[in-house]
1. Any idea what diffusion coefficient segment 69-162 gets from Stokes-Einstein, in µm²/s, Kirkwood Rh on alpha carbon pairs, 4 °C, 1.567 mPa s?
2. Relative contact order for segment 61-137: what is it in percent, counting Cα pairs under 8 Å that are at least 6 residues apart?
3. Past the 24 Å Cα-Cα mark, which pairs from 118/179; 98/179; 118/158; 98/118?
4. Rounded to whole Hz and in sequence order, give me ³J(HN,Hα) for segment 104-114 from the Karplus expression 6.51 cos²θ - 1.76 cosθ + 1.60, θ = phi - 60°, writing x for Gly and Pro.
5. Out of residues 5 or more away from residue 100 or on other chains, whose amide H comes under 5 Å of its own, with H placed 1.01 Å from N in the peptide plane?
6. State log₁₀ I(q)/I(0) for segment 138-191 at q = 0.19, 0.25, 0.29, 0.30 Å⁻¹ as given by the Debye formula over alpha-carbon point scatterers of equal weight, solvent excluded.
7. Give the residues of segment 92-115 whose amide nitrogen is closer than 18 Å to a point set 7 Å from the Cα of residue 176 in the direction of its Cβ.
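What follows is calculated from the coordinates using simple rules that are stated; it is not laboratory data. Fair warning: this is a prediction, and the values are worked out from it, not measured in the lab. For neighbour counting, all protein chains shown are included, and Cβ atoms are generated from backbone atoms with ideal geometry for every residue, glycine included.
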Amino acid sequence: MSNRPSTLTSLAALLTVVWMAGPALADAQPPTNPAPTTTPAPAPTTDSGGDKGKEKDADKGKEKTKHHEDATSTEGYHRGYELIYNRGEFAAGIEALKTIGQDDDADVATLIGFASRKLGRYDDARAWYERALVSDPNHVRTWQYYGMWHLEQGNRLKAEDHLQHIQLICGGTACKEYKDLKGALEGTITY
C-alpha cells in the first residue's frame, strides 16, 4: 500500500500529459476525416459475423483487430453486461467480469467501475476508471462515466472538464457519451 501515492501521482501525471498532448497533436496534423478513436462498449449480440472485432485502418484500407474486442466477445463480458445494465445486479456483474481475466481492458475496467459506482464503492470506481484510461486514454465511455462519478462527488468543474475532453475525442457534441454527460450536468437525465 506504500506504493499507492506514487502510483496515483504517476497516473495523474500520465493523464495530464495525455490530455494536454491531445490538442497539440490535433493542431500539428489536422485529421482528414475526424472520427472518435474509440467506440463505446458494444451491446452484446448473438451475431457471429465475420467482421466482429475489426475496424478499417484509415491509412491503409486494411482491417485491424481492436484491442478491447477480445474481452467484449467473451461469455463473461456478455454475462457481466447483462447483469449490470439489464438486471441491476452490480456485484454479480463485477464477479462475472473478473472471471474474464482481462481487468486491464478498457471496456472491462469501465464496466466494473460503473457497477462499483452504482454500489456506492466510489474509491473502487475511481480506481477502475483510472485503470481503464491507462489502457485506453481515449476511451470515451470511461470519460463519460468518470465525469458522472465526479458529478456525484460534487466536483462539477471536473465533470465539465471531462465533457470537454469527450468533445475532443468525438470531434464534436453529437456522440451519445457527450450528450449523456451534458444531460447529467444539466439535470435532465439520471445517472
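1. Details: Rh = 12.9 Å.
For these conditions, the coefficient is 100 µm²/s.
2. Working: 96 pairs, mean separation 19.8, N = 77.
Relative contact order, segment 61-137: 26 percent.
3. On the way: 118/179 20 Å; 98/179 30 Å; 118/158 19 Å; 98/118 17 Å.
Checking Cα-Cα distances, 98/179 exceed 24 Å.
4. Karplus-based 3J(HN,Hα) across segment 104-114 equals 7, 5, 4, 5, 5, 4, 5, 5, 5, x, 4 Hz.
5. For residue 100, whose amide H was placed from the backbone, there are no distant partners under 5 Å.
6. The computed values of log10 I(q)/I(0) come out as -0.50, -0.87, -1.16, -1.23.
7. 106-115
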